[in-house]
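The values are calculated or read from the model by the stated rules, or taken from the named source; none is laboratory data. Please read these numbers as outputs of a predicted model, since none were measured by experiment. Heads up, the Cβs are rebuilt from the backbone with ideal geometry, glycines too, and the neighbour counts pull from every protein chain shown. These area figures cover heavy atoms from the full protein model, side chains too; ligands, DNA and RNA do not enter into them. Shrake-Rupley method; radii C 1.70, N 1.55, O 1.52, S 1.80 Å.
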Amino acid sequence: MLARDLYRSQPDRIREMLARRNTAAPLDRLIEVDAVWRELLVEVEELKARRNAGSKEIGGLYRDGCGEEAESKKADMATLGEKIKELENRAKELEIELGGLELTIPNLIDDSVPIGANEEANRIERTWGSPPIFDFEPRAHWDLGPELGIVDFERAAKVASSRFAVLKGAGAALERALISFMVDLHTTEHGYTEVIPPYLVNSASLHGTGQLPKFADDLFHIEDFDLYLIPTAEVPVTNLHRDETLPEEELPLRYCASTPCFRSEAGSYGKDVRGLIRLHQFHKVELVQFAHPEHSWERLEELTGHAEAVLKALGLHYRVVSLASGDLGFSAAKTYDLEVWLPALECYREISSCTNFIDFQARRARLRYRPLSGGKARLLHTLNGSGLAVGRTMVAVLENYQQADGSVVVPEALQPYLNGLEVIEPVR
């Protein structure tokens, strides 16, 4: 959520941001409602002052024996009271509408973000490694997995629906190995504290991080409860400190969480209908940081490097991309996507998004810190990123480490987590 002062003092700055994002929002209605609401508040205070003065006058009239005049004034004050109540009710309605409208306005965009309407304007920042060279036609993971006997899409559809997968045998072990490897790397080398948060969150948590109200259709709601399945660990972990004021000396706080994620993918009809890329349920290792505002851009580079370290350790070729303004997430001020190379598709696919939200989420979730120098509490900056999306990492491992006979070499960094397994062999 943006500071209210921005709507009042710099509306053209917000209009420019919306244009750069290539998105629409009810900014004019918000400005109108805010102006009328503030006018009503002033009018209510003026009427209350008149009522207070009238009450004192009535008391004086009674003391002076002017009862008839006092009764007349009392009737006027009763009418004034009804007018105040009417205006207060109207002001409350406008305040509620204003609060809802504020939640529809996306975050400001950092000046370093490339300007463009969509992903075509994304800027490649750097690449690491090289694509593997095969002397055979590389196969897609949706063929490799079933033939290795480690992925079963048909039984998953029978148990649930499409866009689910059953992992078994070495596939289940590989997913568990990836999770353990990532969490160990981030906690032992990158300074994160591991947490296991709830996998269900309330609506206040989703409002705090910006998923509600805009992305309600992408969430799985538990009927008759104010609970939703988490779309990402970002939601429960960021909300751990909702409504709290942290000491400045504790910053930055770094949390790492491995959780399942649940998404309805309401807006992705026809995208990645095969394989493990876009499922309703998947695992992800999430990195979350609470940072001092003066250092959050350093923290973004740091966090992105932590996610990159996983890909480097696994020997997977990738690139880092700055998302253009029109491709940027609703709550993001700037995002780096890590895109891993998939040989069968001959393209890069996003495997992590690392984002600085500056104070956008903090204002919604009332996340503050107390300066060492004392004084008023200030808003934190929040950041998060996938470190990494586990299913997509499995896809990258299967496709990049495949061999001509259909087997898959296990990356050396994962072998200790798989009891020394070096190669996953096809089912014979």
In region 128-159, which residues have a backbone nitrogen under 19 Å from the label point lying 7 Å from ALA404's Cα in the Cα-to-Cβ direction? 132-140, 144
Give me the one-decimal nm value for the distance between modelled label points at GLU43 and GLN281, 7 Å along each residue's Cα-to-Cβ direction. 5.5 nm
Can you compute the modelled spin-label distance between GLU265 and ALA35, with each label point 7 Å from Cα toward Cβ, in nm? 4.6 nm
Considering the options SER296, GLY315, HIS221, tell which one lies farthest towards the positive end of the dipole of the chain, charges being +1 on Lys and Arg and -1 on Asp and Glu at the Cβ, about the Cα centre. HIS221
From the C-alpha gyration tensor of region 332-388, square roots of 5λ in Å: 36, 9, 7
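Could you rank the peptides 349-357, 5-13 by their average count of other C-beta atoms within 10 Å per residue, with the highest value first? Let's see the in-between values first.
Working: 349-357: 23.8, 5-13: 12.3.
Packing proxy ranking, top to bottom: 349-357, 5-13.
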Going toward the positive end of the dipole of region 127-245, with +1 on Lys and Arg Cβ and -1 on Asp and Glu Cβ, which of PRO236, LEU148, LEU212 do you reach last? LEU148
Regression test value, accessible area per residue of region 307-380, probe 1.4 Å, units Å², expected 31 Å²
May I have the extent of the alpha carbons of region 83-226 along their three principal axes, as whole Å values ordered from largest to smallest? 82, 43, 35
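When the accessible area of the chain is split by element with a 1.4 Å probe, what percent falls to carbon and sulfur? Please list the in-between numbers first.
Values: 9900 of 20390 Å².
Looking at the chain in its full context, I get 49 percent from C and S.
Could you rank the peptides 311-317, 257-263 by their average count of other C-beta atoms within 10 Å per residue, with the highest value first?
On the way: 311-317: 19.0, 257-263: 20.6.
Per-residue Cβ counts within 10 Å, averaged per peptide and sorted highest first, yield 257-263, 311-317.
What ranking, highest mean first, results for peptides 337-346, 100-109, 28-37, 358-367 when packing means the other Cβ atoms within 10 Å averaged over each residue?
Working: 337-346: 21.1, 100-109: 18.9, 28-37: 16.1, 358-367: 23.4.
Result, highest mean Cβ count within 10 Å first: 358-367, 337-346, 100-109, 28-37.
Equivalent ellipsoid semi-axes for the chain, as square roots of 5 times the alpha carbon gyration tensor eigenvalues: give them largest first, rounded to whole Å.
Working: eigenvalues 600, 93, 81 Å².
Rounded to whole Å, the semi-axes are 55, 22, 20.
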Over 31 Å between Cα atoms: which of LYS168/LYS312; LYS92/LYS214; LYS85/LYS214; LYS92/LYS284 fall into that group? LYS85/LYS214; LYS92/LYS284
Cβ-Cβ FRET estimate between ARG378 and ASP224, R0 fixed at 56 Å, reported to 0.05: 0.90
Note the full-extension length gain between GLN415 and ALA172 as 0.36 nm times their separation in residues minus their Cα-Cα distance, in nm to one decimal. 86.1 nm
Cα centroid separation, region 17-55 to region 343-382 (Å): 30 Å
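Please give the length that would be gained between GLU137 and ALA24 if that part of the chain were fully extended, namely 0.36 nm times their separation in residues minus their C-alpha to C-alpha distance (nm, one decimal). Walk me through the numbers before you get to the answer.
Working: separation 113, 0.36 × 113 = 40.68 nm, distance 4.50 nm.
The GLU137-ALA24 span can extend by a further 36.2 nm.
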Computed E for ILE96/THR188 - FRET, C-beta separation, R0 45 angstrom, nearest 0.05: 0.40
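Only Cα pairs under 8 Å and at least 6 apart count here; give the relative contact order of the chain as a rounded whole percent. Working shown, then result.
Details: 790 pairs, mean separation 86.1, N = 428.
Reported as a whole number, the value is 20 percent.
Can you give the extra length, in nm with one decimal, that the chain gains between ARG126 and THR79 once fully stretched, where that is 0.36 nm per residue apart less the Cα-Cα distance? Could the numbers behind the result be given before it?
Working: separation 47, 0.36 × 47 = 16.92 nm, distance 7.05 nm.
The span from ARG126 to THR79 would gain 9.9 nm if fully extended.
What FRET efficiency, computed as 1/(1 + (r/R0)^6) with R0 = 56 Å and r the Cβ-Cβ distance, is obtained for ALA3 and LYS56, rounded to the nearest 0.05?
Rounded to the nearest 0.05, the efficiency is 0.90.
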Give the Rg (one decimal place) followed by the Dmax (whole number) of region 183-250, computed from C-alpha coordinates and expressed in Å. 14.1, 43
